[in-house]
Amino acid sequence: MSSFDYDLFVIGGGSGGVRSARLAASLGKKVAIAEEYRFGGTCVIRGCVPKKLFVYASQFHEHFEDAAGYGWTVGESTFDWTKLIAAKDLEIARLEGLYRKGLDNAGAEIVESRAELVGPNSVLIRKTGKVVTAEKIVIAVGGGANPHAALPGHELCITSNEAFHLEKLPRSILIAGGGYIAVEFANIFHGLGVETTLIYRGAEILSRFDHDMRRGLHEAMEAKGIRILCHDHIQSVAKATSGGLEVETMNNGQLAVEQVMLALGRDPYTKGLGLEAAGVATNERGAIVVDAYSRTNVAGIFALGDVTDRVQLTPVAIHEAMCFIETEYRNNPTSPDHELIATAVFSQPEIGTVGMSEDEAAKRFDEIEVYRAQFRPMKATLSGRAEKMIMKLIVNAADRKVVGAHILGHDAGEMAQLLGITLKAGCTKDDFDRTMAVHPTAAEELVTMYSPSYRIKNGERI
Ligand code: NDP
């Protein structure tokens, strides 16, 4: 009989926390999971899920325009922000209910309170002041939006958190950052009719992606009417006498906008968590340091998901949780595999990607082959929309393995999921070539690019 109150205490009810609590409880372990806000975490409550609903909402404007080319006459259309928010909130509440139900059915105890470490095996439940003990503790508290506290006027800005609950849609918005969130929200706000400007400090948006995707998306966004200011950043934000905000930029002078949104990355949410009390080590970003099995430096304390700052993606946190369960409760040591993670940016057009960019592969291998197709998707023919899809396969010439696949265009995220399987399986370009095309689709280009568009040998394009 264990001398602890629980076999497992999980702090944080997001993707990683809920998965570990639910699986451990279903294996018969005595489990409690504490959450201070809402179950579901960033992804469900104020991230991936409501974001995708907003993406759908913002696309109707173009669907209505495109319909004309297909013979439809669409009557006058209007958009109601408050209706969208209410519908979104209902759906999020439904999903949160499912998360709770899953925990409940598995037999995990739900603790609606902030919880903090007070020792290696002890947790303080803030709401009741009670200290409980657990043989194992999982910290899965995620991260929070970087508030950019050094920016004068940062308190006047919003982050993605507030973007999901704005009382009204602003007439104009300036979004700072060039990553996933900045790019996705720039397209959402623009699609909903907001005059949108993106300001990014680097040479091109989405710094970690393939250059064709970055350039292609930049051009497509500008063609829609989104203003993109690269090589620039915000120096200060102040209230304007007219009621909006006055933004001082480094290179583009003063901008007057109604709202400023900061999308400058996310920080691990470790402050005040009692890590010092338990002796848990963190790095210079405040992230919990873990080994290959999500173990912290303190025996019995584990951390997974965004709080460890490994790869900030929901499926990664879930995978890390499942590996934790395999290792600790199924006697099957399993280390999370962070290689070849397929991902999508829900911009408009979307980006779907897996593996190395052309530049990364050119540095890694002596010779690579680049297969590239740029074309107008079929749907755009009758709609008359001037949009292009780009598809790229990066192949290591030495063994013909496809080491990177990148798509810009409709359904790129859906395609990236399937490409993820092929790259994970180690498919070669020859495997792609002998795969029959699905016709007529855009994806068929992936198996019909027979000759390389160019090669890169020892860093030189040939
Ligand atoms: P990202 O890391 O994607 O982007 C952060 C951006 O902010 C970068 O462009 C970065 O520039 C810039 N930046 C950082 N600090 C500063 C600064 N002090 N001044 C000016 N610019 C700065 O973070 P996001 O906030 O967009 O998203 C957070 C995480 O959430 C992502 O890492 C992603 O993993 C996840 N996410 C995933 C989504 C998906 O899967 N579709 C959707 C949304 C989020 P630089 O590039 O020069 O460093």
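The values are calculated or read from the model by the stated rules, or taken from the named source; none is laboratory data. Just so you know, these numbers come straight off a predicted model, no measurement behind them. Here Cβ is always computed from backbone atoms with ideal geometry, including for glycine, and neighbour counts include all displayed protein chains. Please note that ligands, DNA and RNA were not included when accessible areas were found on the heavy atoms of the full protein model with its side chains. Shrake-Rupley method; radii C 1.70, N 1.55, O 1.52, S 1.80 Å.
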Using a 1.4 angstrom probe and counting only protein chains, how large is the accessible area of residue 112 in Å², to 10?
-> 100
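Take each uninterrupted DSSP H stretch in the chain, measure its Cα extent along the helix axis, and return the ones at 24 Å or beyond whose mean Kyte-Doolittle hydropathy is at least 1.6.
Values: long enough: 48-67 (28 Å, -0.26); 81-106 (38 Å, -0.26).
Both cut-offs are met by no helix.
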Ranked by how many other beta carbons lie within 10 Å on average, peptides 197-209, 88-100, 414-426 from highest | 197-209, 414-426, 88-100
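How high is the relative contact order of segment 342-462, in percent, with contacts defined as C-alpha pairs under 8 Å that are six or more residues apart? Please list the in-between numbers first.
Details: 246 pairs, mean separation 39.9, N = 121.
Reported relative contact order: 33 percent.
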Solvent exposure of the chain as accessible area per residue, Å², 1.4 Å probe | 47
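On a full-extension model of 0.36 nm per residue, what is the gain between residue 417 and residue 382, subtracting their alpha-carbon distance, rounded to one decimal in nm? Display every interim value, and only then the final one.
Numbers: separation 35, 0.36 × 35 = 12.60 nm, distance 2.85 nm.
That works out to 9.7 nm of additional length.
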Could you state how much accessible area residue 248 has, in square angstrom rounded to the nearest 10, with a 1.4 Å probe and all protein chains kept in place?
-> 70
Tell me which lysines have Cα within less than 22 Å of residue 392's Cα, excluding those fewer than 8 residues away on the same chain?
-> 363, 379, 401, 424, 429, 457
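Can you check what the Kirkwood hydrodynamic radius comes to for segment 391-452, Cα pairs only, in Å to one decimal? Mind showing how you got there, number by number?
Details: mean 1/r = 0.0845 Å⁻¹.
Evaluated over segment 391-452, this radius sits at 11.8 Å.
Show 165, 190 ordered by accessible area, largest first, where the area counts protein heavy atoms only and the probe is 1.4 Å.
On the way: 165 95, 190 45 Å².
Most to least solvent-accessible, the answer reads 165, 190.
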Give me the accessible area of residue 113, 1.4 Å probe, in Å² rounded to the nearest 10.
-> 10
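Mind checking the full-extension length gain between residue 281 and residue 128? Use 0.36 nm per residue of separation minus the Cα-Cα distance, one decimal, nm.
Values: separation 153, 0.36 × 153 = 55.08 nm, distance 2.72 nm.
Full extension of this stretch gives 52.4 nm more.
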Viscosity 1.306 mPa s, temperature 10 °C: Stokes-Einstein D of segment 4-93 from its Kirkwood Cα radius, in µm² per second?
-> 98
Relative to the present Cα-Cα distance, how much length would full extension add between residue 292 and residue 332 at 0.36 nm per residue of separation?
-> 13.0 nm
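Percent of accessible area on the chain owned by carbon and sulfur, 1.4 Å probe?
About 51 percent, which is the carbon plus sulfur part of the accessible surface.
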Shape metrics for the chain, restricted to C-alpha atoms - Rg then Dmax, Å = 24.0, 73
Report, for the chain, the % of DSSP beta bridges that are antiparallel, rounded to 5.
-> 65
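Which whole-number percentage describes the relative contact order of segment 108-203, with Cα contacts under 8 Å and a sequence gap of 6 or more?
Numbers: 87 pairs, mean separation 14.9, N = 96.
Taking the mean separation of contacting Cα pairs over the length of segment 108-203, I get 16 percent.
I need the per residue convex hull volume for segment 168-215, using only the alpha carbons, in cubic angstrom as a whole number.
Cα convex hull per residue, to the nearest whole number: 72 Å³.
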The farthest towards the positive end of the charge dipole of the chain, of the residues 319, 187, 356, given +1 on Cβ of Lys and Arg and -1 on Cβ of Asp and Glu, is 319
Taking every pair of alpha-carbon atoms in segment 336-389, what share in percent sits in each 10 Å bin, from 0 to the bin with the longest distance?
-> 18, 35, 31, 14, 2
Using a 10 Å cut-off on Cβ atoms, rank the peptides 74-80, 210-216, 407-413 from the highest mean neighbour count down.
-> 407-413, 210-216, 74-80
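Assuming 1.567 mPa s and 4 °C, estimate D for segment 20-172 with Stokes-Einstein, Rh taken as the Kirkwood radius over Cα pairs, in µm²/s.
Working: Rh = 19.0 Å.
Translational diffusion coefficient: 68 µm²/s.
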Normalised contact order of the chain, rounded percent, pairs of Cα under 8 Å and 6 or more residues apart = 15
Quick one: net charge around residue 390, please, counting Lys, Arg +1 and Asp, Glu -1 for every other residue with C-beta under 13 Å from its C-beta.
-> -1
Under a straight-distance cross-link criterion of Cα-Cα below 16 Å, which aspartates and glutamates are reachable from residue 168, leaving out those fewer than 8 residues away in the same chain?
-> 80, 89, 195, 258
Residue 127: which aspartates and glutamates have alpha carbons under 17 Å from its alpha carbon, excluding same-chain residues fewer than 8 sequence positions away?
-> 35, 36, 109, 112, 116
